[in-house]
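The values are calculated or read from the model by the stated rules, or taken from the named source; none is laboratory data. Just so it is clear, the model here is predicted, and its values are computed rather than measured. Ideal geometry is used to build each Cβ from the backbone, glycine not excepted, and the neighbour counts take in all protein chains shown. Note: accessible area is taken over every heavy atom of the protein model, side chains too, but ligands, DNA and RNA are not part of it. Shrake-Rupley method; radii C 1.70, N 1.55, O 1.52, S 1.80 Å.
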Amino acid sequence: MADAAEPLRVLHVSQPNGGGVAVYVGQAVADQRRRGWDVAVACPPGGDLPARCAAAGVPWFNWDAGRAPGPRTPLEALRLRRLIKGFEPDVVHLHSSKAGLAGRLPRRPAGVPTIFQPHGWSWLAATGRQAAVSRLWERYAARRADALVCVGEGELRAGMRAGIRGPFRLVRNGVDRRRFGPADAPARLAARTRLGLPAAAPLAVCVGRLTRQKAQDVLVAAWPAVAARCPSALLAVVGDGEDLDMLRRRPAPGVRFVPAVRDPRDWLAAANVVVLPSRWEGLPLTALEALATGRSLVGTDIPGIAEVVRPGLGALVPVEDPGALADAMAARLLFPGVAEREGREAAAAAAAYDIAETVARLAAVTREVAGRGPVPDGVARELAEADDLGADVLAGSEVLAMSGAGRAGAGLPGGAGGMLAGDGAGAPDGGAPDAGAGFAPDGGPGFAPDGGPGFVPDGGPGFAPDGGPGFVPDGGPGFTPDSGGGFAPEGGAGAGADADGDAGAVGPDGGGAMGGVATSPGSAGDGAVTPPNTSR
């Protein structure tokens, strides 16, 4: 499937190298590769994303970034900047919050159109002051992207309600219905045989990374109440993650912990009901895969899941409510006819989430950001119908933009009140965690890339999550890409400036060149680089 338009050169960047984000990036780059585009991925080693790139014939570059922001974030941003300069893309596509942070910090490569796709907003994983700081960062950084792609309407609404104003695009997640199709009774039996499961036992399945976000702790807490009503029922918790040891310390009858699988089709086919107890989501691929498999869903009533689990397809329960979760699961495990009816409706509903439409719209947004054409028809109408967002849909485009006179009032970019005033003007939560001047991109207290005390989540001048001299892009101690000693997270000379004005050699332990990163297809480095794109 060659693209009739001029091919693009696109670099996708993702810190998550497994789970739903990796699946999404793999689908996107495979589609763009088939269009004849020059596509590459930058991500940490490990996980299954590098293997997905190899299967699609897409180069992978080693961007060894940690999950959380911290003192090493400026170094990670420097490495990403060098990758971008080496690959020379027409568009950089940043996936999830860490790439969104590193790729939108000040001093990014100038003139490279950028897409940011949160896959779940950064503040959702934070609490207290950290959550407030994350919202302020996203408001500021929104203007450093040429498109903000949301995977569902719930994610888009959440962003706007948090005060983010920018060029939103709605590109809903999709499922490959050629791979995930309705699984009838014989298919269920065959899947259970392959998995070594009892043929007739009522089975609930939860597939996902074992983290606070996915809330398997709530699911395990709910299960004894299910087992008391349905003693033969089984619960399969499929996935790996930091919560595994904690979950294993809370044994419950009938609960099985299964290592993560790259292909969840057998587990979905084997299930009577699929459970999504998440605390927050974008628009989870597991939910769409369960729909396409024809399975009843029990999930939490949050944006992303509520968008999928409509009446007749399953049940929605409050977040962190083990009792309600147990009731909804038991109702479907004790009375399988209910789950069967909902599963049939789910399979029909999956037609609205076909991956072909998703990747086509994403490709069109990418072309538009690169200046090669408009985004696809239909998105603007969908957004215009969501009138409670208070949005202005720009005529002739598919961009959702909030004007300065939008619902949040003064104090927004383009409005009468400047950026974000800390006295409450222009921001639903007051603009600053503790009031005051707050978030000031060009000076003053708050996040000040060009002066002032800077972005100080926990103390200290500059960008200093844990204290210390911090991140000061254009002067002072810390990260100074255009002058002097530079950024040395663990001591040493750090990063100076090279002949092009870019950061020079970086050594996290002091001095030395930055190794392990391939800056162009075929170059040396620790990253496994697959062959350059060719026609297929």
Subject >> In segment 1-63, trypsin sites (Lys or Arg not before Pro) in a DSSP loop with at most 16 other beta-carbon atoms within 10 Å >> reply: none
Original post:
Expressed in nm to one decimal, what extension gain is obtained for the pair A348 and A68 from 0.36 nm per residue of sequence separation less their Cα-Cα distance?
Top reply: 96.9 nm
**OP:** Go through P277, V220, L244 and say which Cα lies farthest out towards the positive end of the charge dipole of segment 215-284; charges sit on Cβ, +1 for Lys and Arg, -1 for Asp and Glu.
**Re:** V220
**OP:** Heavy atoms only, probe 1.4 angstrom, no DNA, RNA or ligands counted: give me M246, M329 ranked by accessible area, highest first.
**Re:** M246, M329
Original post:
Relative contact order for segment 1-71 using alpha-carbon pairs under 8 Å, separation at least 6, rounded to a whole percent?
Top reply: 35
**OP:** Within segment 193-253, report the trypsin sites (Lys or Arg not before Pro) that DSSP leaves as loop and that have at most 12 other Cβ atoms within 10 Å.
**Re:** R249
Subject >> Within segment 105-194: Cβ-based charge dipole about Cα centre, in debye rounded to nearest 20 (Lys, Arg +1; Asp, Glu -1) >> reply: 100
**OP:** Return the sequence-ordered ³J(HN,Hα) values of segment 190-195 in whole Hz as given by the Karplus equation 6.51 cos²θ - 1.76 cosθ + 1.60 applied to θ = phi - 60°, using x for Gly and Pro.
**Re:** 4, 5, 5, 4, 5, 8
**OP:** Provide the gained length on full extension for the span A360 to V319, in nm with one decimal, where the gain is 0.36 nm per separating residue minus the Cα-Cα distance.
**Re:** 11.4 nm
**OP:** Could you list which residues have their amide H under 5 Å from that of D176, counting only those 5 or more apart in sequence or on another chain, with H placed in the peptide plane?
**Re:** I355
**OP:** Note down the net charge around V220, summing +1 for each Lys or Arg and -1 for each Asp or Glu among other residues with Cβ under 11 Å from its Cβ.
**Re:** +1
Subject >> Theoretical gain in end-to-end length, F335 to V261 [0.36 nm per residue, Cα-Cα removed] >> reply: 23.8 nm
Original post:
What order, most packed first, do the peptides 299-305, 53-59 have when packing is the mean number of other Cβ atoms within 10 Å of each residue?
Top reply: 299-305, 53-59
